[in-house]
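Structure, as C-alpha cells:
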Amino acid sequence: MKDTELLNFIPSQAIALIDNLLASDKLVVKVKGERKTRHGDYRLLPDGKHQITVNSNLNPYSFLITLVHEIAHFEAYKTFGGIIKPHGKEWKQTFQHLMLPFLRPDIFPSELLPLMAQHFKNPKASSDTDAQLALALKQLNEPNNKSYVFQVPLGQSFKLYNGRVFKRGNKRRKRYECVEVRSGKTYLFNPNAEVDVL
C-alpha cells in the first residue's frame, strides 16, 4: 500500500485490490477532513502528477467507493486524455471495470451488493444521487441525531449544518422542494440529505 494511512479507512479484504490500483508513482492520494460539498476529488497537478483526496469521515464502504471513483478519473485520463467529460461514458466504463472486483461479500455487506450491482449498471457522478444506495451506506455510519429530508414531515422546519433553516415541501419526482425560511427561495433536496429537525 502506497499510503499506510489508507489501511485505516477501507475494508481489510480490499487492501490487495487497492494496492494494484495505486501502483502508479504519478498518483498521490491524500485523506482530508470532512468537506460538506464532496466526498473526494481528483485533479491533475501542475507538476504532471495526479492527486486524489478522500474525506476521512466516511465509513469504510463509502470511503472505498469514493476512492475507486476518484481512481477511475485518473485511469480514464490516462486512457482517453483530458478532453472527456468528467463523468461521461469513458469514466463510467472505467469506474464499472475498476469496481467490479470489489463487489464481493467479503468486502461489502451482503445487503449492499444488490444495490451496488444496480448502481453500477450506470454509475452517477456521486453515489449520493442514488437515494437507495446512499441511504443504505449511511445506515452503516456511526449513529447520530440527524434525520433525513424524506423523514421530515411536510411543512416541518429543519436546519442544515451551516445554520440555514428550511421548511419541507412536496416531493417532486426524486427530490423534495424546501423553502428557505429567511429568503423565501425554493431549493431541491436529495431525500437522503442529513438535517436537524426543529
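General remarks:
- Residue match in segment 49-62 (condition: farther than 22 Å from Asn190 by Cβ and modelled with pLDDT under 90): no
- Selected residue (criterion: surrounded by the fewest Cβ atoms within 10 Å (Cβ to Cβ)) from residues of segment 62-100 that are touching a Leu at 6+ places or on another chain (Cβ under 7 Å) and more than 13 Å from His50 (Cα to Cα): Leu98
- Checking each residue of segment 1-12 against the condition of being crowded, with 21+ Cβ neighbours inside 10 Å, at negative phi and touching a Ser or Thr at 6+ places or on another chain (Cβ under 6 Å) gives no match.
- Restricting Thr53, Thr66 to those that are outside any helix (DSSP H, G or I), of a type in the set (Ser, Thr, Tyr) and in contact (Cβ under 8 Å) with a residue 24 or more places away in the chain reduces the list to Thr53.
- Among residues of segment 119-134, those that are more than 17 Å from Tyr42 (Cβ to Cβ) and polar (S, T, N, Q), counted: 3
- Qualifying residue in segment 175-191 (condition: assigned to a loop (DSSP other than H, G, I, E, B), assigned by TED's automatic domain parsing to the domain that holds Asn57 and touching a Lys or Arg at 6+ places or on another chain (Cβ under 8 Å)): no
- Any chance Phe150 is in contact (Cβ under 8 Å) with a residue 40 or more places away in the chain and either more than 20 Å from the chain's Cα centre (by Cα) or on the phi < 0 side of the Ramachandran plot (or both): yes
The values are calculated or read from the model by the stated rules, or taken from the named source; none is laboratory data. Small disclaimer: the values here were computed from a predicted structure and weren't measured. Glycine also receives a Cβ, built like all others from the backbone with ideal geometry; neighbour counts cover every protein chain displayed.
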